Every structure is written in C-alpha cells, then in structure tokens.
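The next block holds one structure in the form of structure tokens; read it before the comments.
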C-alpha cells in the first residue's frame, strides 16, 4: 500500500494542536521536511512557568496509521531511552486525557475517500541536524559513538508493536535485501540493475550462510544525518528523533545504515571509518561481523536506490527523492568499485587516526 502523505496546511495544523492537545496562544506554525508523513513546528507564547513553548505536531501517513500499536512502540522506546539519559523527544498526552496518540479523519481528494491518520505531539529539541554540518573526522567519530551507544541500549528494548512491524516484512529491514525482486523492477537503468544484482549475489554468498552468528535485537534503523541532532563543535548529542523505522534485526545494520548515509564526497569511505571508530569505542563490533561489514554497507546503498526508484514509480516527484537517488548511485558506484580489502584498509587507518585525535 502506498504511503499517502496527509493533506494538511499550517492553519489546519494549528487547529489540531489547539483542539487535540489544548495548546493556546499559538504564535507560529511551520511545516518541516518529511518524506511520507507531515510534521509541523508549533510555537506558543513563552510563559512565566517555564513550560515548553515549542512542539512538533506529527501527522502520520494513512498506511502506517493502520498499525497504532507500532506507534505506541515508538512512544515507549523514546521514554526508554530518555530513562537512560538519551535526549529523545517527550510525547505529550491529548488534552484532558492519558492517550499519547490521537486519530483524525482527513479527506483524501486523490482517492476520493476519507483516510484515518494518527497524530502525536512531541517536544521540539534544540540542535543542528548532523547532515547540515560539514563532514569532518571529529563529527563522524561523535556520530559513531551515538550510533553505538543507542544500539547498545536499544537492543534490550522489546514491544509487541516492533514485533508486528518486523513480521509484516518492513522493507527497510536489511534482512529484506535477501529478496530483491519486489523492488528491483522499479529500477530502469541497466547498469544500476547490474550493480544491485552483483551486490545481492555477493550478499547471498558471503553473508546469508553466516546470519546465525550475528547479534540481533531492536534497532532504531534510521540513524542518519536528519535524525541525529548535535551542538556545534565540540560536538555533543542533543537529540535522537524519528523512531518510525524500528524493527527487530541484526545489530550490525544499525552501524552499516549510518555508514552508508554519511559516505559522501571524495573522503566518504574514510569518513565512514571515523564513524566506525566511534561506534567501536562504545560497542565493539565482533570480528565475525566486522569481516562482513563491507557487504552490509553495500546492501543498504542498494536498498536506498531501489526504494527511491520505487517512490518515483508511485508518482512521488519531490526533488529530494531525485537527489537521494543520484547521491546513492554515486556512492554505490564508488564504494563497490573498491576491493573489500582496500575499503577495510581505509577504515583501519581512519581508526588509527581517530585515536590520535582523542
């Protein structure tokens, strides 16, 4: 089922914030960038009691709204990490109620029907998204420590909603790469298809027979530069957001997902090595997993390419989808064009350099 984005403007969002969550004296409502859902920053007039006056109103797409138990899992996961000292958003209950999620019915003019959408209100977190900061070794090392420490804690978290999302064959689970036929047909470029099939064949040969050796647990599954907030140098974590892709999966994929995202530019592979070093400083990667990390990074890049193509097939014309497709095509061609031992040597040298920086 397509993830249809809710049709809501800023005026409607302000009305929802007031009617559902009781916010008053709203001074600004501003739409934020989002792929499938629609999010708004909502500001209210500052108050003498020191209560929050900046929020994010999140309205989920119609497809994901069909599984509210998955949304409750996100709420509890954020509270779980908050209890461990992680800066995650606080979720606010509805006005004069205890429920953390609400449902609104919206008119979908394209489908000529009424769609139900889950709504949440969370706290706004200060900080700069990591993708807005120029890549440098110190930043990537810090991000690696965030990915490692998050993975180390979250692996112990369990919820029926996460089990449900995993059982539904959530496409962003790296284990879904074992069967690429559902999505590779969305690719039109012959060279692109050849490359993805080559990576897939290597994954099936090298990784699949070893899957029983890998650690597994709950993962955030989307620790990219848009979902990690940091302060300016010296870099410090100020927020982890967007838990909508959580699944039970291989812990290594939390790392490889992030490495794939940050592997951009002439020094992309080297910078991913600094991320790996930060990860290993708090949550060391076992030797048997490190031996196959190369294939996991390549597999994630293939997923990003296939799903970007799939979004375009479904009529998504947003420029950021096109930009993502071009970006990850460039990265995959460069990354897979290097021999495994060459990439691993770059990673090893980056880890040595990172020790000199600390």
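Select the helices (runs of 4 or more DSSP H) contained entirely in the range 251-358, then report the ones holding at least 3 residues which are in contact with a helix residue (DSSP H, G or I) (Cβ under 6 Å, 6 or more places away or on another chain) and within 30 Å of residue 5 (Cα to Cα).
Numbers: elements: 252-262, 268-282, 287-290, 293-313, 319-336, 340-357.
Correct list: 252-262, 293-313, 319-336.
I need the full set of residues from the range 261-291 which are modelled with pLDDT of 95 or more, crowded, with 19+ Cβ neighbours inside 10 Å and under 19 Å from residue 202 (Cβ atoms), in order please.
Answer for the range 261-291, where residues must be modelled with pLDDT of 95 or more, crowded, with 19+ Cβ neighbours inside 10 Å and under 19 Å from residue 202 (Cβ atoms): 269, 272, 289.
Could you look through the range 40-55, keep only residues that are modelled with pLDDT of 95 or more and either more than 20 Å from the chain's Cα centre (by Cα) or crowded, with 19+ Cβ neighbours inside 10 Å (or both), and pick out the one that is nearest to residue 307 (Cα to Cα)?
Here is the first cut: in the range 40-55, the ones modelled with pLDDT of 95 or more are 40-44, 54-55.
Going one step further and asking which of them are either more than 20 Å from the chain's Cα centre (by Cα) or crowded, with 19+ Cβ neighbours inside 10 Å (or both), we end up with 40, 42-44, 54-55.
Values: 40: 25, 42: 31, 43: 34, 44: 38, 54: 33, 55: 30 Å.
Looking at the filtered set, the residue picked out is 40.
If a residue has to be crowded, with 19+ Cβ neighbours inside 10 Å and either over 15 Å from residue 121 (Cα atoms) or in contact with a helix residue (DSSP H, G or I) (Cβ under 7 Å, 6 or more places away or on another chain) (or both) to count, how many in the range 6-26 make the cut?
3
Per-residue answers, yes or no, for (1) in contact with a helix residue (DSSP H, G or I) (Cβ under 8 Å, 6 or more places away or on another chain); (2) buried (at least 22 other Cβ atoms within 10 Å of the Cβ); (3) touching a residue at least 24 places away in the same chain (Cβ under 8 Å):
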residue	(1), (2), (3)
117	yes, yes, yes
134	no, no, no
138	yes, no, yes
150	yes, yes, yes
154	yes, yes, yes
162	yes, yes, yes
166	no, no, yes
171	yes, no, yes
179	no, no, no
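Could you tell me which of the residues 80, 86 is at pLDDT 95 or above, surrounded by fewer than 18 Cβ atoms within 10 Å (Cβ to Cβ) and within 18 Å of residue 244 (Cβ to Cβ)?
Details: 80 fails: surrounded by fewer than 18 Cβ atoms within 10 Å (Cβ to Cβ).
The unique qualifying residue is 86.
Do any residues in the range 304-316 that are closer than 13 Å to residue 35 by Cβ have Cβ atoms under 6 Å from those of residues that are crowded, with 23+ Cβ neighbours inside 10 Å and modelled with pLDDT of 90 or more, where the two are at least six apart or on different chains, and which pairs are they?
Taking only residues 6 or more apart or on different chains, the pairs are 304/328.
When you go through 228, 196, 241 one by one, which is the residue that is surrounded by 14 or more Cβ atoms within 10 Å (Cβ to Cβ), more than 23 Å from residue 82 (Cα to Cα) and touching a residue at least 12 places away in the same chain (Cβ under 8 Å)?
Numbers: 228 fails: more than 23 Å from residue 82 (Cα to Cα); 241 fails: more than 23 Å from residue 82 (Cα to Cα).
Testing whether each residue is surrounded by 14 or more Cβ atoms within 10 Å (Cβ to Cβ), more than 23 Å from residue 82 (Cα to Cα) and touching a residue at least 12 places away in the same chain (Cβ under 8 Å) leaves just 196.
Just to be sure before I move on: is residue 325 within 30 Å of residue 56 (Cβ to Cβ) and without any contact (Cβ under 8 Å) to a residue 24 or more places away in the chain in the structure I sent? Walk me through how you get there before you give the answer.
On the way: within 30 Å of residue 56 (Cβ to Cβ): yes; without any contact (Cβ under 8 Å) to a residue 24 or more places away in the chain: yes.
Yes; evaluated as a whole, the condition is true for this residue.
Condition test on residue 145, is it surrounded by 15 or more Cβ atoms within 10 Å (Cβ to Cβ), within 17 Å of the chain's Cα centre (by Cα) and over 28 Å from residue 248 (Cβ atoms)? Talk me through it step by step, then tell me what you get.
Details: surrounded by 15 or more Cβ atoms within 10 Å (Cβ to Cβ): yes; within 17 Å of the chain's Cα centre (by Cα): yes; over 28 Å from residue 248 (Cβ atoms): no.
Here the answer is no, as residue 145 does not meet what is asked.
Pairs only if they're at least six apart or on different chains, beta carbon under 8 angstrom, first in the range 262-289 and touching a residue at least 24 places away in the same chain (Cβ under 8 Å), second buried (at least 24 other Cβ atoms within 10 Å of the Cβ) and assigned to a loop (DSSP other than H, G, I, E, B); list them, first residue then second.
Listed by first residue and then by second, the contacts come to 269/263; 271/263; 272/263.
The values are calculated or read from the model by the stated rules, or taken from the named source; none is laboratory data. It should be emphasised that the depicted structure is a prediction, and the values quoted were computed from it without experimental measurement. Every residue, glycine as well, gets a Cβ built from its backbone with ideal geometry; the counts of neighbours run over all protein chains shown.
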